[in-house]
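Peer 1: Structure below; questions to follow.
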Amino acid sequence: MSDLLKKIYNPESFRESGHHLVDLIADHLEKSLAQQVPVNNYILPDVQLEYWRNHSLENSSIEDFYKKLIADSIHLHHPKYMGHQISPPAPIASLSAMLTDILNNGMGIYEMGGPSTAIERVVIETIAQAIGYDNTSDGFLTSGGTLANLTALLTARAQIKDRHIWTEGNGTKKLALMVSEQAHYCVDRAARIMGLGTEGIIKVPVNEKYQIRTDLLEKHYEEAVAKGIEVFAVVGSACTTSTGSYDNLEILGEFAEKHQVWFHVDGAHGGAVVFSQKYRHLVKGVEKADSIIMDCHKMMMTPSVTTALIYKSGDASYSTFSQNANYLFEKEQDQEWYNLAKRTFECTKLMMGVKFYSIISTYGTQAIEEFVTVLYDKARTFSELVNDDPEFELATDPESNIVCYRLKGKGTAAEKLNDLNSSVRKAILDEGEFYIVQTVLDNKVYFRNTMMNPFTSKEDMLQLLEKLKLLAENN
Ligand SMILES: *Cc1c(COP(=O)(O)O)cnc(C)c1O
């Protein structure tokens, strides 16, 4: 064996560089939480690429590399991070991630990850219980909400009785799913990947709170039927991505039951309220869902990506991919909960359950309850501050921890307001003191905050509003 390979796997050098790295990470956490560094150091993409193309560890150490990577990355643990909906991971979960990356058990089949397969099942049972499912439910973890939604919709399609689409293809059968026009774009993408085309995704308009208009469900359903289209699924958003609005799951559930279609809930962001006494009411009726997804990397403090896909009836989860892979599975037809690749897109899969498990087994599900409740409370505090300031207006009162609002512009012509809000948001990005994002609703540009950090204070929020006004004046 070469000396190089011996060096790569040397446990002693791992021990040493590992200790240094943990110190660096702890310093990073400390500085981010104390706001001693900017939340972001935005560098233009081509400049960034040029830097890393020319960078080489020959002239510097791995420690310098880590330091530069930390300095120029966006800092989710910074209280002035109020942007996209990704958790500042609980440090214990990130430590576990280091371990799982070394163990690297592939998880596709039981032999390739016994403990992590069982741990994943415990994680699923914990979430299923919080949803209110009984013990016939089952599911698994998968790589992100996008893939989880696609998987669930494939399961939904597999329930169609008069055509075995897995073997025969869609043929001339016209299928569609129903979803709100505010749903995450990945639902639209899933429908198209499934070959449903534009007609196969029926987008139901939303009300003034950006929730699906349940009064229009029957009308859209009947229109589809009249065109010879079979609706096979209805998807509820809990909550939507842009405004964090919760669809009425109770009514969607009743609608699905009446028409005997699959009811899927996209709870990627807001499904986690099942753990919050205070906010659980937002998903009333969720236990009616045939399937639901939740991103643990959004509202459950877990590193990306870790998504739960849970079925009300565990049996259904085995119908998604009814395919032979004899080299992996000895008994193809059996429902073996422990051979996960029978039911997941992934063959090799991350040991993602371990990260979530490390949080709940150390701190209890109380940790998730507090995280969700505290962040949803913060959005209410922030929206009150916005409401109290005559220079701003809200798109709608927040239901989740997402707040959309805009500058009204002192004397700015209505047609220039989008430019004003866009350029202020761009200035915020360039400056790096705060991180917020923007969205477009009814052709209007809005700032969009997701309160992702439990350490964001009212003072931080006030400072943000002052900063936005200042940037507007200097615009
Ligand atoms: C974030 C999000 C998704 C996509 O999940 P990823 O984990 O980013 O793939 C889907 N639906 C909703 C409602 C989301 O908020």
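The values are calculated or read from the model by the stated rules, or taken from the named source; none is laboratory data. These figures come from a predicted structure and were not determined experimentally. Neighbour counts are summed over all protein chains in view; Cβ atoms, including those assigned to glycine, are modelled from backbone coordinates with ideal geometry. Ligands, DNA and RNA are excluded from the accessible area calculation, which covers all protein heavy atoms including side chains. Shrake-Rupley method; radii C 1.70, N 1.55, O 1.52, S 1.80 Å.
Peer 1: Ignoring ligands, DNA and RNA, what percent of the 1.4 Å accessible area of the chain is carbon and sulfur?
Peer 2: Of all accessible area on the chain, carbon and sulfur atoms account for 52 percent.
Peer 1: Can you give the local net charge around ARG425? Use residues other than it whose beta-carbon is closer than 14 angstrom to its beta-carbon, Lys and Arg +1, Asp and Glu -1.
Peer 2: That sum, taken over residues with Cβ under 14 Å, equals +2.
Peer 1: Hey, another quick one. Hey, rough spin-label estimate for GLU111 and GLU336, points 7 angstrom out along Cα→Cβ, what's it come to in nanometres?
Peer 2: Those two pseudo-labels are separated by 0.9 nm.
Peer 1: Right, another one. Could you rank the peptides 378-388, 64-74 by their average count of other C-beta atoms within 10 Å per residue, with the highest value first?
Peer 2: Ranking the peptides 378-388, 64-74 by packing returns 378-388, 64-74.
Peer 1: Right, here's the next one. I'd like to compare 292-299, 392-399: which one has the highest average count of other Cβ atoms within 10 Å, and what's the full order after that?
Peer 2: 292-299, 392-399
Peer 1: Around TRP337, with a cut-off of 12 angstrom between Cβ atoms, what is the net charge of the other residues, counting Lys and Arg +1 and Asp and Glu -1?
Peer 2: -3
Peer 1: Another question, then. Compute the Cα gyration tensor for the stretch 38-114, then decide on rounded, prolate or oblate, letting a ≥ b ≥ c be the square roots of its eigenvalues: rounded whenever a/c is under 1.5, prolate when a/b is larger than b/c in the other cases, and oblate in all that remain.
Peer 2: oblate
Peer 1: Mind checking the full-extension length gain between THR172 and ASP215? Use 0.36 nm per residue of separation minus the Cα-Cα distance, one decimal, nm.
Peer 2: Difference between extended and current length: 12.4 nm.
Peer 1: Please report the net charge: other residues with Cβ closer than 13 Å to the Cβ of LYS284, K and R +1, D and E -1.
Peer 2: Neighbourhood net charge equals -3.
Peer 1: Say R0 is 25 Å: what FRET efficiency, to the nearest 0.05, do SER60 and ILE102 get from their beta-carbon distance?
Peer 2: 0.50
Peer 1: Using modelled amide H (1.01 Å from N, peptide plane; none on Pro or chain starts), what sits under 5 Å from the amide H of VAL204, excluding residues fewer than 5 places away?
Peer 2: VAL179, SER180, GLU181
Peer 1: If you take the beta carbon distance between LYS458 and GLU433 as r and set R0 to 22 Å, what does 1/(1 + (r/R0)^6) give as a FRET efficiency, to the nearest 0.05?
Peer 2: The calculated FRET efficiency here is 0.85.
Peer 1: Moving on. Please give the per residue accessible area of the stretch 50-142, computed with a probe of 1.4 Å over protein heavy atoms only, in Å².
Peer 2: That works out to 50 Å² for each residue.
Peer 1: Ignoring everything except DSSP H segments at least 4 long, calculate the 222 nm mean residue ellipticity for the chain; use -39,500 (n - 2.57) per segment, divide by total residues, nearest 500.
Peer 2: -13000 deg cm²/dmol
Peer 1: A follow-up question, please. Given a cut-off of under 8 Å on Cα pairs at least six residues apart, what relative contact order in percent is computed for the chain?
Peer 2: Worked out over the chain, it gives 21 percent.
Peer 1: May I ask you to derive the FRET efficiency for VAL122 and LYS416 from their Cβ-Cβ distance with R0 = 41 Å, giving the value to the nearest 0.05?
Peer 2: With R0 = 41 Å, the Cβ-Cβ based efficiency is 0.15.
Peer 1: Would any residue of the stretch 67-106 have its amide N under 17 Å from a label point 7 Å out along Cα→Cβ of ARG189? List them or say none.
Peer 2: Label zone hits: 84-86.
Peer 1: Would you kindly state how much longer the chain becomes between LYS68 and HIS84 on full extension, computed as 0.36 nm times their sequence separation minus their alpha carbon distance, in nm to one decimal?
Peer 2: 3.5 nm
Peer 1: Write down the accessible area per residue of the stretch 321-475 in Å², having rolled a 1.4 Å probe over the full set of protein chains.
Peer 2: I get 46 Å² per residue for this part.
Peer 1: With a ≥ b ≥ c the root eigenvalues of the C-alpha gyration tensor of the chain, is it rounded (a/c under 1.5), prolate (a/b larger than b/c) or oblate?
Peer 2: Taking the square roots of the gyration eigenvalues as a ≥ b ≥ c, the chain is oblate.
Peer 1: Can you tell me the accessible area per residue over the stretch 1-45, all protein chains present, probe 1.4 angstrom, in square angstrom?
Peer 2: Each residue of the stretch 1-45 exposes 79 Å² on average to a 1.4 Å probe.
Peer 1: May I pose another question? Non-local amide H neighbours of GLU399 (under 5 Å, H modeled in plane, Pro and chain starts lacking H): which ones?
Peer 2: Result for GLU399 returns nothing.
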